[in-house]
Amino acid sequence: MAMASSYLQCNHQHQLHLPSIRPNGFSFFKPKTNFRRTQLIKCTRKQVEVVYDPDERRNKLADEVDREAPLSRLTLFSPCKINAFLRITNKREDGFHDLASLFHVISLGDTIKFSLSPLKSRDRLSTNVPGIPVDDSNLIIKALNLYRKKTESDNFFWIHLDKKVPSGAGLGGGSSNAATALWAANQFNGCVATEKELQEWSSEIGSDIPFFFSHGAAYCTGRGEVVQDIPPPIPLDVPMVLIKPREACPTAEVYKHLRLDQTTKVDPLTLLEQISRNGLSQDVCINDLEAPAFQVLPSLKRLKQRIIAAGRGQYDAVFMSGSGSTIVGIGSPDPPQFIYDDNEYEDVFLSEARFITREVNQWYRESASTNACSEPPAFSETVG
């Protein structure tokens, strides 16, 4: 009698595929790996094939999450900010600098989609922009890890970041992403933490993150983490244009070139009072980091000077936001014509924007008027 034998074949087929769109619109981007586990029984000439499909299993698990969880998916707007003025007042013993600044949220921002992961093991982050880290170094993942540490939540997520805010721009895009992730995690967990707690926790992973738990306008001191929520001192309908060259200004390099004896000495509270009374103007939109940033990136100084000269009074103020390299023109949503005509600026990022705020117990909402004139690079399939 012939001896029956059996064996197992495992074929690994790696292929890149388009986003898998779930019925409610959430998409999770990932390199697809198909594992076909085949069992052949040689007792007869007939073959019995058993196919194992991990994608189908994941989708079934996700469907179970949708049915059982009170909240399983959430899409949030993650806006950025500008500094209407930024004074550097002191160097601290810990090596950081004390600042005093009027932060304000603006209408340019990213979109982040969160979905509860059916596998309670780790977060998975994808993004539309190449070069954005999708591992634990990303502030979104840091924020989710921080939330689990503080609350003992066992929720993990699939996250897709649709990035529109450029990196290295002085606009706080990454800090906003982290604040948005903390807000989202709290919603999925039944809002067990207060906004004040989220704000305080967030300072552990970034100095600019606590600001986004204001209602849109705040006078910030310390390293930026001491946030005094204030009524908007500037009319929300004031238009602006953001112009960011391809080159970024590394924050650490900018601070290395900072000379405290060469900064302005005007009282920041005086600046805040003047803005509240008279609005934004060139003499109050002071940024002590401009001079060192212009040393790091001399072309940025030329860009600001050309915008002022070409504007011919078109802008109420032209200044750099944060540590750069975005130049903000207040008073008009349009860039000067040389931005379009000069080949030197063919790769700049352009966007119009306006000031926005948020309602109590609500997150920021996207403004329909914002128009990013230069789009980020084409979709990149990356998964952490």
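Return the residues of segment 299-333 that are loosely packed, with under 15 Cβ neighbours inside 10 Å and of a type outside the set (A, V, I, L, M, F, W, C); say none if nothing qualifies.
In the first step, residues of segment 299-333 are kept if they are loosely packed, with under 15 Cβ neighbours inside 10 Å; the result is 299, 302, 305, 309-310, 312-313.
Scanning segment 299-333 gives Ser299, Arg302, Gln305, Arg312, Gly313.
Would you confirm whether any residue within segment 82-90 is surrounded by fewer than 13 Cβ atoms within 10 Å (Cβ to Cβ), more than 24 Å from the chain's Cα centre (by Cα), part of a loop (DSSP other than H, G, I, E, B) and modelled with pLDDT of 50 or more? Before you say what the answer is, go through the steps one by one.
Just the residues of segment 82-90 that are surrounded by fewer than 13 Cβ atoms within 10 Å (Cβ to Cβ), to begin with: 90.
Checking the rest, the ones that are also more than 24 Å from the chain's Cα centre (by Cα) come to 90.
Pick out the ones that are also part of a loop (DSSP other than H, G, I, E, B) and you get none.
No, the conditions are met nowhere in segment 82-90.
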Worksheet item: How many residues does segment 94-150 hold that are open to solvent by 30 Å² or more (accessible area, probe 1.4 Å) and in contact with a Pro (Cβ under 8 Å, 6 or more places away or on another chain)?
Response: 1
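Considering segment 274-283 alone, what residues qualify as being out of contact with any strand residue (DSSP E or B) (no Cβ under 6 Å at 6 or more places or on another chain) and either buried (at least 16 other Cβ atoms within 10 Å of the Cβ) or not polar (S, T, N, Q) (or both)? I'd like the intermediate steps shown before the answer.
Restricting attention to segment 274-283, the residues satisfying the condition of being out of contact with any strand residue (DSSP E or B) (no Cβ under 6 Å at 6 or more places or on another chain) are 274-279, 283.
Hits for segment 274-283 are Gln274, Ile275, Arg277, Gly279, Asp283.
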Worksheet item: Which ones in segment 348-363 are within 19 Å of Val328 (Cβ to Cβ), of a type outside the set (A, V, I, L, M), open to solvent by 10 Å² or more (accessible area, probe 1.4 Å) and in contact with a Lys or Arg (Cβ under 9 Å, 6 or more places away or on another chain)?
Response: Phe349
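Taking the options Gly131, Gly109, name whichever one is in a loop (DSSP other than H, G, I, E, B) and not hydrophobic (A, V, I, L, M, F, W, C).
Gly131
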Practice prompt. Output the residue which, of all residues in segment 151-163 that are within 14 Å of the chain's Cα centre (by Cα) and not in a loop (DSSP other than H, G, I, E, B), is surrounded by the most Cβ atoms within 10 Å (Cβ to Cβ).
Written response: Ile159
Item to complete: State whether one or more residues within segment 99-116 are touching a His at 6+ places or on another chain (Cβ under 6 Å) and among the charged types (D, E, K, R).
Response: yes
Item to complete: Could you please give the count of residues in segment 68-122 that are closer than 21 Å to Asn145 by Cβ and of a type in the set (Ser, Thr, Tyr)?
Response: 5
Practice prompt. Please find, among Glu290, Glu197, Glu204, Glu273, the residue that is farther than 21 Å from Arg358 by Cα, among the charged types (D, E, K, R) and touching a residue at least 40 places away in the same chain (Cβ under 8 Å).
Written response: Glu204
Practice prompt. Check Ala217 against each of (1) small (Gly, Ala, Ser); (2) within 24 Å of Asn138 (Cα to Cα); (3) open to solvent by less than 30 Å² (accessible area, probe 1.4 Å) and name the one condition it does not meet.
Written response: (2)
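Go through segment 258-273 residue by residue and tally those that are surrounded by 13 or more Cβ atoms within 10 Å (Cβ to Cβ) and assigned to a helix (DSSP H, G or I). Talk me through it step by step, then tell me what you get.
Going through segment 258-273, the residues surrounded by 13 or more Cβ atoms within 10 Å (Cβ to Cβ) turn out to be 258, 263-264, 266, 268, 271-273.
Imposing the further condition that a residue be assigned to a helix (DSSP H, G or I) reduces the set to 268, 271-273.
The qualifying residues number 4.
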Item to complete: Check whether at least one residue in segment 75-97 is among the small types (Gly, Ala, Ser) and in contact with a His (Cβ under 7 Å, 6 or more places away or on another chain), and report yes or no.
Response: yes
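Residues in segment 164-174: is at least one at pLDDT below 95, out of contact with any Lys or Arg (no Cβ under 7 Å at 6 or more places or on another chain) and surrounded by fewer than 18 Cβ atoms within 10 Å (Cβ to Cβ)?
Our first condition is that a residue be at pLDDT below 95; within segment 164-174, this holds for 167-168.
Applying the additional criterion that residues be out of contact with any Lys or Arg (no Cβ under 7 Å at 6 or more places or on another chain) yields 167-168.
Filter again for surrounded by fewer than 18 Cβ atoms within 10 Å (Cβ to Cβ), leaving 167.
Among the residues of segment 164-174, at least one is at pLDDT below 95, out of contact with any Lys or Arg (no Cβ under 7 Å at 6 or more places or on another chain) and surrounded by fewer than 18 Cβ atoms within 10 Å (Cβ to Cβ), which makes the answer yes.
The values are calculated or read from the model by the stated rules, or taken from the named source; none is laboratory data. Note that the structure is a prediction, hence the values are computed from the model and not measured. Heads up, the Cβs are rebuilt from the backbone with ideal geometry, glycines too, and the neighbour counts pull from every protein chain shown. Just so you know, the surface numbers come from the protein's heavy atoms only, side chains and all, with ligands and any DNA or RNA stripped out. Shrake-Rupley method; radii C 1.70, N 1.55, O 1.52, S 1.80 Å.
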